[in-house]
1. May I ask for the Kirkwood hydrodynamic radius of the stretch 135-241, worked out over all distinct Cα pairs and given in angstroms to one decimal?
2. How far is it, in nm, from the label point at residue 243 to the one at residue 73 when both lie 7 Å from their Cα along the line to the Cβ?
3. On a full-extension model of 0.36 nm per residue, what is the gain between residue 176 and residue 52, subtracting their alpha-carbon distance, rounded to one decimal in nm?
4. Distance in nm between label sites at residue 235 and residue 278, each 7 Å beyond Cα in the beta-carbon direction?
5. Extending each Cα 7 Å along its Cβ direction at residue 261 and residue 66, get the distance between those two points in nm, one decimal.
6. FRET efficiency for residue 186 and residue 32, Cβ-Cβ distance as r, R0 = 45 Å, nearest 0.05?
7. By counting other Cβ atoms within 10 Å of each Cβ, how are 184, 193 ranked from fewest to most?
8. When a/c is below 1.5 the answer is rounded, else prolate if a/b is larger than b/c, else oblate, so apply that to the stretch 177-224 with a ≥ b ≥ c taken from the square roots of the Cα gyration tensor eigenvalues.
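Coordinate-derived values only; no laboratory data. Owing to the predicted nature of the structure, the values given are computational and were not obtained by experimental measurement. In this analysis, Cβ positions are derived from the backbone assuming ideal geometry, glycine residues included, and neighbour counts consider all displayed protein chains.
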């Protein structure tokens with residue numbers, strides 16, 4: 001008696017946490033076809049992806065398909081009809097299949113060997129806009145960039161000050177050139193890091209231009225820090241590798257530094273407001289006191305008051321007359 005045979009059926013169901021776009025890209029990579037052909041598998045109707053498989057083969061196919069993020073299932077094939085030799089002699093001769101080299105059905109089985117593993121994680125590339133990085137790696141890389149930029153800026157400033165002793169104009173020129181080059185390098189690398197973080201969320205890197213929009217640009221870094229990325233592969237590649245211990249430590253330090261800088265900025269702003277208020281109050285008090293003193297001591301006002309007073313009348317002299 002022959003072994004039971006199985007088929008793999010898919011009806012469009014996805015695993016928890018996997019979006020449809022990610023699953024379609026994964027299936028297209030597994031089947032080595034385009035995404036448009038794979039989209040037909042997500043119509044909601046049951047589709048047999050592979051037929052006439054043994055138990056071991058079916059399980060191998062099923063594991064490979066589950067790595068793409070879909071939920072496929074095994075179903076037993078109908079029992080084969082046993083024929084005798086006499087029945088086989090009576091069967092019509094089979095015709096060779098038509099040439100299918102020019103057309104490939106989207107429901108055809110995978111062309112790659114099922115045992116081949118898809119890349120679980122993408123490669124990390126620091127100085128490029130390709131690839132993906134997660135939230136913790138975004139914080140860690142941003143902190144490293146800041147730590148590298150600060151000593152470079154200090155070295156440029158020290159070099160310019162040393163050159164200023166010989167020639168002030170030369171020092172200004174060198175400072176502007178080196179400082180401008182360092183600023184451009186800082187902006188380019190920071191944009192590359194932000195674009196990779198946007199790719200991890202599944203968004204286009206062109207959205208970085210929102211940082212140039214007033215008010216929105218001040219909130220955009222918080223979106224990159226807190227918005228979770230896609231758990232599986234998306235149109236920008238496989239997910240980033242797991243975070244190392246160094247990445248986690250640097251991410252925590254980045255958050256701590258951000259909190260400290262925020263507290264310092266708020267405290268400094270409140271202190272400046274208090275100093276400005278006290279200065280304005282003191283100036284107002286001084287101006288009020290000066291005005292009061294001027295009014296009391298002004299000789300012109302006293303003379304005017306004397307002139308406006310009525311003349312004195314001598315009543316005794318009037319009676320004598």
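1. Its Kirkwood hydrodynamic radius stands at 16.0 Å.
2. In this crude spin-label approximation the distance works out to 3.8 nm.
3. 37.4 nm
4. According to this spin-label approximation, the distance is 5.8 nm.
5. About 4.5 nm, to one decimal.
6. That gives a FRET efficiency of 0.60.
7. 184, 193
8. The shape class here is oblate.
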